[in-house]
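S.K.: Supplied in structure tokens, the structure appears directly below.
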Amino acid sequence: MTNWPEITAFTIFFGVLALIITERIHLTIAAFLGAMLLIFLHVLTLEEAISYIGRSHATLALFFGVMVMVRAFEPTNIFPYLATQMVLRARGEGKRLLLGIVAITTPICAVLPNATTVMLLAPLIPPMAQEINVNFVPLLILMVFVANSAGLLTLVGDPATFIVGDAINLSFLDYLLKLSLGGVVALVTILALLPILFRPIWNTKLENLDHLPHPVINHPRMLALGGIIIALVLILFVVGESLPVPISPAAVALLGAALCLLLTHHSGIDSVQPILRDVDWSTLVFFMSIFVLIGGLQHTGVISHAATGLAFLLGKNLMLGTLLLLVTTGLLSSVIPNIPLVVAMVPMLKEYLVTANLAGPELLSQGFAGQVPPETFPLFAAMMFGATLGGNGTLVGASSNIVAAGIAEQHGKSISFQTFLAYGLPMMTLQLITIAGFVAVRFLF
């Protein structure tokens, strides 16, 4: 780090992180101010900053579209109704509710992005928690843990996993055969910690369920039509990109939002202005600001230098290198969003393999269509697992964490950095340990 832009980008990024950790400034304001400082100190031009936001336009569009769809269904009272049904089916037992959250979130996150799943399911949590008289913040944090971990079950469950898999031409089936068991290990770790981390809720039990409110669904016709829209959106999420004319998940989400706005407005149950006003703009601005801050690190070469230093540490000991890469990527991913992290680290890892004569120079070609040498595959697996599970460590580690924090604020509570860390640090630590054991047994021994 030898020049002014690098030092400035590094200082501003970790200064913003320090403000978020100490909670001296709201995280959105801290990130926004940091992004503006990069521009006014000429680390990035305004055009360059906007271009980094533009590179992540799909993420922003996806979040915005799902937020609008969720808000459009509020007049139907569907979320309180479903929350009550979950409490009744759990027979008022806290441990059944916790296990139910795991069971509902897991299969959805295997095929949909984790932040999208959190946006779809999280509105159920506050009314459900209110009915059993517990704090809904731990329940939201649990949903985030499950969403991030279940993304390891398939190649498409988490963006970071897909980016790494695509870089080494790993097929969907190969991932299932070689790596999906790692997702199972991560989820089993969560189940093991439920009675410990979530003990007050685990031990909660309602003796009398008759006092529970029984919300009634409003506007059933509108809900039925909206259900058709949601079903179409979910189907296109899964198969849209494989159609003859590919449709991205972001475009699907925006189409769903437009159709829900049309349905809600013309049915007369709500209007456009209140729906758009209630969109979680704070979360969207936070993400845009983070994209600019990460762009500053990429533009000035900070991430590249850090990745090169990591490659130097790996050496030629693949066993040690794999475990070190897993832990290091996990720790980095707890403070740096995993998507830009793996985007920076994948070419670094490829270059390291070629330099160390562990792979041929064709690995660096733009149109590489082969497979990496089998003995080097554990390094890429370690990167997938570390980048994904590291997101469970802190509030800023994954996009789904920030989404959950935004939903909590909309319901009158905040998820502080320290509160999330109290759950996230032991969860991330144990998951990294167990997944390291899985990688060692599966590949190294």
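S.K.: More than 39 angstrom separation, counting every C-alpha pair in the chain; what % is that?
M.R.: Distances greater than 39 Å cover 20 percent of the Cα pairs.
S.K.: Another question, if that's okay. Among VAL43, VAL346, VAL118, VAL164, which comes first, then next, by fewest other beta-carbon atoms within 10 Å?
M.R.: Lowest count first: VAL346, VAL43, VAL164, VAL118.
S.K.: How far is the Cα center of segment 9-53 from the Cα center of segment 394-429, in Å?
M.R.: 20 Å
S.K.: A further question on this structure: Can you run phi through the Karplus equation (6.51, -1.76, 1.60; θ = phi - 60°) for segment 251-263 and list ³J(HN,Hα) in whole Hz, with x for Gly and Pro?
M.R.: Each residue of segment 251-263 in turn: 5, 4, 4, 5, 5, x, 4, 4, 5, 5, 4, 4, 5 Hz.
S.K.: Of TRP281, TRP4, TRP202, how do they rank once you tally other Cβ atoms within 10 Å and put the fewest first?
M.R.: TRP4, TRP281, TRP202
S.K.: Specify the angular offset, from 0 to 90 degrees and rounded to the nearest 10, of the alpha carbon long axis of helix 27-40 from the longest principal axis of the alpha carbons in the chain.
M.R.: The helix 27-40 is inclined about 40 degrees to the chain.
S.K.: Per 0.36 nm of contour for each residue apart, how much would the distance between VAL216 and PHE14 grow if the chain were fully extended, relative to their Cα-Cα spacing?
M.R.: My answer for the length gained is 67.9 nm.
S.K.: Mind listing the phi-derived Karplus ³J(HN,Hα) values for segment 395-410, rounded to whole Hz, using 6.51, -1.76 and 1.60 with θ = phi - 60°, and x for any glycine or proline?
M.R.: Ordered by residue, 3J(HN,Hα) equals 4, 9, x, 8, 4, 5, 5, 5, 4, 4, 5, x, 5, 4, 5, 5 Hz.
S.K.: Angle between the Cα long axis of helix 136-150 and the longest principal axis of the chain, 0 to 90 degrees, nearest 10?
M.R.: Tilt of helix 136-150: around 50 degrees.
S.K.: Once you order the gyration tensor axes a ≥ b ≥ c over the Cα atoms, which shape class does segment 135-272 get: rounded for a/c under 1.5, otherwise prolate or oblate by comparing a/b with b/c?
M.R.: Cα axes put segment 135-272 in the oblate bin.
S.K.: Show me 178-190, 84-96 ranked by packing, highest mean number of other Cβ atoms within 10 Å first.
M.R.: Averaged packing, sorted descending, gives the order 178-190, 84-96.
S.K.: Whole-Hz Karplus ³J(HN,Hα) for segment 192-199, in order, using 6.51 cos²θ - 1.76 cosθ + 1.60 and θ = phi - 60°, x for Gly and Pro?
M.R.: With coefficients 6.51, -1.76 and 1.60, one gets 5, 8, 3, x, 9, 6, 10, 4 Hz.
S.K.: Which whole-number percentage describes the relative contact order of the chain, with Cα contacts under 8 Å and a sequence gap of 6 or more?
M.R.: 24 percent
S.K.: Can you give the translational diffusion coefficient of segment 224-300 in µm²/s, computed by Stokes-Einstein from the Kirkwood radius over Cα pairs at 10 °C and 1.306 mPa s?
M.R.: 107 µm²/s
S.K.: Report the residue, chosen from LEU313, LEU324, LEU38, that carries the largest GNM mean-square fluctuation when the chain is represented by alpha-carbon nodes joined by springs under 10 Å.
M.R.: LEU313
S.K.: Shifting gears a bit: For the chain, find the longest principal axis of its Cα atoms and tell me its angle to the long axis of helix 338-355, 0 to 90°, nearest 10.
M.R.: With rounding to tens, the tilt is 20 degrees.
S.K.: Where nothing but the Cβ of Lys and Arg (+1) and of Asp and Glu (-1) is charged, how large is the charge dipole of the chain around its Cα centre, in debye to the nearest 20?
M.R.: Taking the Cα centre of the chain as origin, the dipole is about 720 debye.
S.K.: Taking other Cβ within 10 Å of each residue's Cβ, how do LYS205, LYS350 sort, fewest first?
M.R.: LYS205, LYS350
S.K.: Using the Cα atoms of segment 1-111, I'd like the radius of gyration and the largest Cα-Cα distance, Dmax, both in angstrom.
M.R.: For segment 1-111, the Cα-based Rg and Dmax read 21.3, 62 Å.
Quick note: the coordinates plus some simple rules give every number you see, no bench work behind them. None of these values were measured; they are calculated from a predicted model. Every residue, glycine among them, receives a Cβ derived from its backbone with ideal geometry; neighbour counts consider all protein chains shown.
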